[in-house]
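Please treat every number below as a calculation from the coordinates, not as lab data. As the structure is a computational prediction, the values presented were derived from the model and not from experiment. Note that each Cβ is placed from the backbone with ideal geometry, even for glycine, and that neighbours are counted across all protein chains shown.
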Amino acid sequence: MLDILMRAASFIAIIAMGYLLKRAGVFRQEDFGVLSKIAIRITLPCAIIISFNGKQIDPALLSLPLIALACGAVYVLAGYLLGRRKTREQQAFYMLNLAGYNIGNFTIPFAQSFLGPMAVISISIFDIGNAMVCLGGAFSMACMIKDGSGFSLGRIARALMKSVPFVVYLIVLTMSFLHIRTPGFVLSVAEIGCNANAFAAMFMIGVGFKLEAKREQLMTIARIVAVRYAAATVFALIFYFVLPFALEIRQALVILAFAPIGAAVPGFTGEMGGDVGLSSAINSICMVVSITIIVSLMLVMV
C-alpha cells in the first residue's frame, strides 16, 4: 500500500510541478502543444513498442476495440439525451465533451507504473476503438446535430492515419501476429523513450491544467462530470465482474473506465465553434476526479 501511495504521490508531484512552473512563467499555456507532441508522438509510441515486444496477443483481446466503440456510443447518446432540451449548439457540446478516454497521456502511464505489460497491451488495443471515437467519431456526430452536416467516415479515417500512436498500434499488432521481432536498435531507443513516458505525460498534464468557468457554467460542468462518472462506475463493474479476461487485464480496464475525457476534446470543441474555455475546465476537473478515483482503486485492487 505504501508503495502505491508513493508512486501516486510522485505522479501528483510531477503534475503539480508542471502547473507551478507555468504559474511562475517558466512555461506558458502555449507550451502545452509542444509537450503534448513529445508525449503523444515520441514517448507514448516508445512505451507501446516496449510493452508489445515479445508478447503473444490473445485473439480474444481483439474484442476490446468493439467494447471501446460501444462505450463511446453510450457517452455520445448520453450527451444527446442530456442536451435534448437545450439548443442544438449546447446539445452538440454535451455529446462531444462526454465521449472518449484520455488513454495515451493518462491511462497508459498509470497502467505502466502500477500494473504491467499485459495491462498496457490491453489498454492499447482498447485505444484502437477509442481513437475512432476521440479522433473524429464524436466530433462528426456532434457536428451533425449542430449544423445538420452528415457523418463523415473519411474525416475519421484521415484523423486516425495522422495519429502516430494509432499507426504504431497497427504496426506492433501486425508484427506480433506475424511473429516478427523488433530490431534490437529500435528496442534500445524505444526503452529510453518508454522510461520517460510517465514523466512527460504527467508534466504535460500539469502545464495544460486550466480551470476557468463562469458561475452560470458550473451547472453544465456538474451535469457532464456526474453523468460521466456514473456511467464509468457501471462500465467498471461490467469490466471487472463480467468480462472473461485475466485479473491484470480486468484491473487495467477498471482504471481505464475512470480515465478523464480525451485530451483532444477542447481542440475539437474549438473547431466546432463551441466554448473552448468551458471544455478545458471540464477536462481539468475530470483529471482531478480521475486521479483521486484511480489511486483509491489501486489501493483496493493491487
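Would you tally the net charge around residue 120, using a Cβ to Cβ cut-off of less than 12 Å, leaving residue 120 out, and scoring K and R as +1, D and E as -1? The answer is -1. The protection proxy used here, the mean number of other Cβ atoms lying within 10 Å of each residue, ranks peptides 175-186, 254-265, 272-283 as follows, highest first: 254-265, 272-283, 175-186.
Distance from the Cα centroid of the stretch 208-249 to that of the stretch 259-302 is 9 Å (rounded to whole angstrom).
With axes computed from alpha carbons, what is the tilt in degrees of helix 164-177 against the longest principal axis of the chain, rounded to the nearest 10 within 0 to 90? Rounded to the nearest ten degrees, it is 40. Karplus-based coupling profile of the stretch 294-301, in residue order and whole Hz: 5, 4, 4, 5, 4, 5, 8, 8, with θ = phi - 60° in 6.51 cos²θ - 1.76 cosθ + 1.60 and x standing for Gly or Pro. Pairs of Lys residues in the chain, spaced 8 or more positions apart or belonging to different chains, with C-alpha separations under 28 angstrom: 14 in total. How high is the relative contact order of the chain, in percent, counting Cα pairs under 8 Å that sit 6 or more residues apart? Result for the chain is 30 percent.
Helix 218-241 and the longest principal axis of the C-alpha atoms of the chain enclose an angle of approximately 40°. With respect to the chain, whose longest principal axis is taken over its alpha-carbon atoms, helix 64-82 is tilted by about 10°.
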